[in-house]
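In what follows, a structure is listed as structure tokens, so that the remarks can point back to it.
No value in this document is a laboratory result; all are computed from the given coordinates. Because the structure is a prediction, the values reported are computed rather than measured. Reconstructed Cβ throughout: ideal geometry from the backbone, glycine too, with neighbour counts over all protein chains shown.
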Amino acid sequence: MSHKTYLNLDCIENVSSTAFQEQEPYPWALMQGTLIPAAWDTLRANLPDMSQFQRMVGVKRGYGQAPHNRGLLHYRDGMAVAEPWREFIAELHGKAYDAFLRRMLGLGPDQQIILTMEWYYAWQGCSVSPHCDARRKLATHIFFFATDEDWPREWGGDILILDDQGRHKAHSAPTFNDLKVAASLDLRKNGSLLFQRTDHSWHGVQPLKSPREDVYRKLFIITINIPTLQVWWRRVRGKDPDGYPFKAE
């Protein structure tokens, strides 16, 4: 089934940018029903297969942070994905979503932003250690494609908004025990999370408790990048802000 529109425009247009920017300990908004329900079902039914993913296990992170084990599929122009996903990604590059991001993030019409997108699948025991994103990442928008049947909440997977109370530098490695949980967010059943990067925008996910390693927590993540020197240098070499070639081979 194909859809002309995937985003629930009433949902995204009714989110308060003022409440978002005033949220503690950094700007974030949990949105339920971000996609039209039938469109969410269609995207969920057409998610990429894990066989397409790169398994990232034990990959060293900077500043002594623990590895973020997961399967990763980075979207590039021209890659083979199901038609609904091509349509949704096209909509994410359209005027309505661009206007939503600029309103929420306080951006003027001339501020350049570059979207990159990835599917993340994680399995039993995977976790996301507390971290702040790279400076080129102005914001992140995360969608979780699961129901109670796919992924009961007791299996974990909530995204934790963490508060360091201003004590830790972004380039450091506090543990969950060093940080206060400001919110534990359930994105299942057509939820999404938008958050803005700051020097204290700590977030993470505790180890997953799913019963088998072949059951996956399935996310789609949009990163809103700004053209830092690193981004421009990668572009000169034919790569996107995440360091991947612009087009699929």
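Computed from point charges on the beta carbon alone (+1 for Lys and Arg, -1 for Asp and Glu), the dipole magnitude for the chain about its Cα centre is near 860 Debye.
Each residue of region 178-195 is assigned a 3J(HN,Hα), and the resulting list reads 8, 10, 8, 7, 7, 7, 10, 9, 9, 9, 5, 6, 6, x, 8, 10, 10, 9 Hz, derived from the Karplus form 6.51 cos²θ - 1.76 cosθ + 1.60 (θ = phi - 60°), x at Gly and Pro. Neighbour counting of Cβ atoms within 10 Å sorts the residues TRP232, TRP40, fewest neighbours leading, into TRP232, TRP40. If the segment from ALA99 to LYS169 were pulled out straight at 0.36 nm per residue, it would be longer than the present Cα-Cα gap by 22.0 nm. Ranking HIS168, LEU92, LEU115 by how far each Cα lies toward the positive end of the dipole of region 54-172 (charges on Cβ) leaves HIS168 at the top. Spin-label model, GLN54 to GLN206: label points 7 Å out along the Cα-to-beta-carbon direction sit 3.1 nm apart.
Once you mark the trypsin sites (Lys or Arg not before Pro) that are in a DSSP loop and have at most 10 other Cβ atoms within 10 Å, what is the longest gap between them in the chain? Between the exposed loop sites, the longest stretch runs 61-211. Taking a label point 7 Å from the Cα of ARG135 along the Cα→Cβ vector, which residues of region 214-239 have an amide N closer than 11 Å to it? Only 228-230 fall inside the zone, counting backbone N under 11 Å.
Look at the alpha carbon pairs under 8 Å that are at least 6 residues apart: their mean separation over the length of the chain gives a relative contact order of 28 percent. Membrane-span-like helices in the chain (whole DSSP H runs, Cα extent of at least 24 Å along the helix axis, mean Kyte-Doolittle hydropathy of at least -1.0): none found.
Separation of region 223-237 and region 48-93 by C-alpha centroid, Å? Going from one Cα centre to the other spans 18 Å.
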